[in-house]
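Only one structure is covered here, and it is reproduced in the block below.
Where a number appears in this text, it was derived from the coordinates with a stated rule and is not lab data. Being a predicted model, the structure only gives us computed values, none of them experimental. Please note: Cβ atoms are built from the backbone with ideal geometry, for glycine as well, and neighbour counts cover all protein chains shown.
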Amino acid sequence: MSDHEKVTELRTLMPSTEASIYLNAGSNGPVPAEVDAAMRAVHDQELQTGRATEHAMDDVEDRANELRGVFAGVLATDLELVAIGHSTTESVLRPILGMEWRAGDRIITFDEEYPAIRGSLAALASRTGVVIQTLSLCNAAGEPLSDEEIVANVLPLLVAPTKLLLLSRVSWISGRVLPVAPLLAAARAAGVTSVLDGAQGVGALRDDIDALNPDLLAFPSQKWLLGVEGLAEARVSRRALDADTFQPVIAGFLGYEQQPNDERGASWGDARRFEMSGFSRPSLAGAARAAGWLSMQVGLPWAVERSQRLAATFYEAIQAHPGVQLLAPPGRHASIVSLRVAGWEADQLTEELGRRAFAITRRVPGLPATATQSASDAALRTSWGFWNTEEEVARIAELIHLLASHTPESLPKRPAIDIIQS
């Protein structure tokens, strides 16, 4: 098949990609019909025969292990390093909370980390007295730092009392790819625990995770892997497992090889010790089918390469237009391209793109001012996927040019559509 033929066929299997210009996999990817069918099959079985039988309860563990296997395959890593969670935030924070913290210990992170994680770190600091040092990915003028500048800012801090380095593979705000390889290697050499938030990276980049080898990696099902909300994965390094770097702070029944009684029990010796309970069987089936379909039928390398190529084409098409500010440096974005347009609020941009092209995009918030940084404005985020077409890239680029050539007041109004009711 040519790319055109393949994309045309895949779009028929993902109906929402034909109902709109789907540009928000950074929040939720489009649902493949294959996933809907898998979930419906389990739903129908539960409807007809119930969901409280011994078989159904045992099936949760079987399906959780199936999903672990699929996720391990996506990462090309060992199954014993993989555990299922409910969200990226939970999968990041529960292991971190299980570390031994003392007042004065330092955590290094970045200002574009996801708010739920930064808020949870703030709560940890309030309770334990640890110090959160948040570095910016931009300079004082609001311009993105180079990879070399980011690394140079972090390296001197990887000494006592620093205990943890927490960073995203890809910023959910700017879409920039962070230079994680040298940072993770430096943290490992310094004996600093590393946690990688892969929410916008897994499925959008092809990383050698075993080579990067963060102590903890977490990512969700519903974004670039086209799966189900409420499911995520944690990959714990063998080094962290052997050293008991992370201790479970809450135990679910899936975390135990032998269920505990009177303070005695045997948790799994692998990453499953971090698993909880409360997983929906239809959701487990849907998440496994999504990642499996993407890997084996779509082809993950092809999907990643095409997504990045479309994002790069869009970036280049709007890069030089006056009034357009791109938040990631050239060549340092994955499948997300975030931008601001002079004279426009981000929500106005999302509204106009929706009105004029039925485009689903995302407004991402600005950052508050700090002692060294000015506040930044909200931005428009576009998330490009393999399902998008070259025509859609051209259409959105054309609209960005149009918006950047006008103010909200001077923009020619789109003709109203008359709805005729019979």
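Using the beta-carbon distance between Ser374 and Glu316 and R0 = 22 Å, what value does 1/(1 + (r/R0)^6) give for FRET efficiency, to the nearest 0.05?
E between Ser374 and Glu316, to the nearest 0.05, is 0.20.
Which far-off residues, 5 or more places away or on another chain, put their amide H under 5 Å from the one on Ala359, with H placed in the peptide plane?
Residues meeting the criterion, in which the H sits 1.01 Å from N, are Ile21, Gly354.
Under a GNM of the chain (C-alpha, springs under 10 Å), which listed residue has the highest mean-square fluctuation: Val35, Val177, Val364?
Maximum fluctuation in the GNM of the chain, among the listed residues, is at Val364.
Quick one: 3J(HN,Hα) in Hz for the stretch 81-97, Karplus 6.51/-1.76/1.60 with θ = phi - 60°, rounded, Gly and Pro as x.
Calculated HN-Hα couplings, in order: 8, 10, 9, 8, x, 9, 7, 4, 4, 4, 5, 7, 7, 4, x, 4, 5 Hz.
Can you tell me the FRET efficiency between Arg238 and Leu402 if r is taken as the Cβ-Cβ distance and R0 is 56 Å, rounded to the nearest 0.05?
Efficiency at R0 = 56 Å is approximately 0.60.
Counting Lys +1, Arg +1, Asp -1, Glu -1, what net charge surrounds Ser136 among other residues with beta carbon under 9 Å of its beta carbon?
Around Ser136, the charge tally is -2.
Could you pull out every residue, at least 5 positions away or on a different chain, whose amide H is within less than 5 Å of the one on Asn24? Hs are placed 1.01 Å off N in the peptide plane, and Pro or chain starts have none.
When sequence neighbours closer than 5 places are left aside, the close amide H contacts are Ser383.
Quick check on the exposure proxy: order Asp377, Asp58 from fewest to most C-beta atoms within 10 angstrom.
Exposure proxy ranking, most exposed first: Asp58, Asp377.
Using amide H atoms built 1.01 Å from N in the peptide plane, name the residues 5+ places from Arg176, or on other chains, whose amide H lies under 5 Å from its own.
Those qualifying (amide H under 5 Å, at least 5 residues apart or on another chain) are Ser171.
Can you give the Rg to Rh ratio for the chain, taking only C-alpha atoms and Rh from Kirkwood?
Ratio of gyration radius to Kirkwood radius for the chain: 0.99.
By the scheme Lys and Arg +1, Asp and Glu -1, what is the net charge of all other residues having a beta-carbon under 10 Å from that of Ala64?
Around Ala64, the surrounding residues sum to -1.
Please report the net charge: other residues with Cβ closer than 13 Å to the Cβ of Ala290, K and R +1, D and E -1.
Combined, the nearby Lys, Arg, Asp and Glu give -3.
Pulled fully out, how much extra length does the chain show between Arg395 and Arg102, if you take 0.36 nm times their separation in residues and subtract their Cα-Cα distance?
Gain in length upon complete extension: 100.1 nm.
Over the stretch 67-221, what is the relative contact order in percent, taking alpha-carbon pairs closer than 8 angstrom and at least six residues apart?
Answer for the stretch 67-221 is 25 percent.
Once every DSSP H run of n ≥ 4 in the chain is given -39500 (n - 2.57) and the sum is divided by its residues, what mean residue ellipticity at 222 nm do you get, rounded to the nearest 500 deg cm²/dmol?
Computed ellipticity for the chain at 222 nm equals -12000 deg cm²/dmol.
Ranked highest first by the average count of other Cβ atoms within 10 Å around their residues, in what order do 9-20, 220-231 fall?
Going by the mean number of other Cβ atoms within 10 Å, highest first, we get 220-231, 9-20.
Determine the gain in length on full extension of the stretch Asp62-Glu148; use 0.36 nm per residue of separation and subtract their C-alpha separation, reporting nm with one decimal.
Between Asp62 and Glu148, full extension yields an extra 26.4 nm.
Can you give the extra length, in nm with one decimal, that the chain gains between Leu411 and Ala76 once fully stretched, where that is 0.36 nm per residue apart less the Cα-Cα distance?
115.7 nm
What are the ³J(HN,Hα) values, in whole Hz, obtained from phi via the Karplus relation 6.51 cos²θ - 1.76 cosθ + 1.60 with θ = phi - 60°, for each residue of the stretch 321-330 in sequence order, with x given for Gly and Pro?
Computed from phi, the couplings for the stretch 321-330 are 6, x, x, 9, 10, 8, 7, 9, x, x Hz.
Calculated FRET efficiency, Ser27 and Glu257, Cβ-Cβ r, R0 41 Å, to nearest 0.05?
My answer for the efficiency is 0.65.
I'd like the Karplus ³J(HN,Hα) series for the stretch 278-283: coefficients 6.51, -1.76, 1.60, θ = phi - 60°, whole numbers in Hz, and an x wherever there's a Gly or Pro.
x, 8, 7, 4, x, 5
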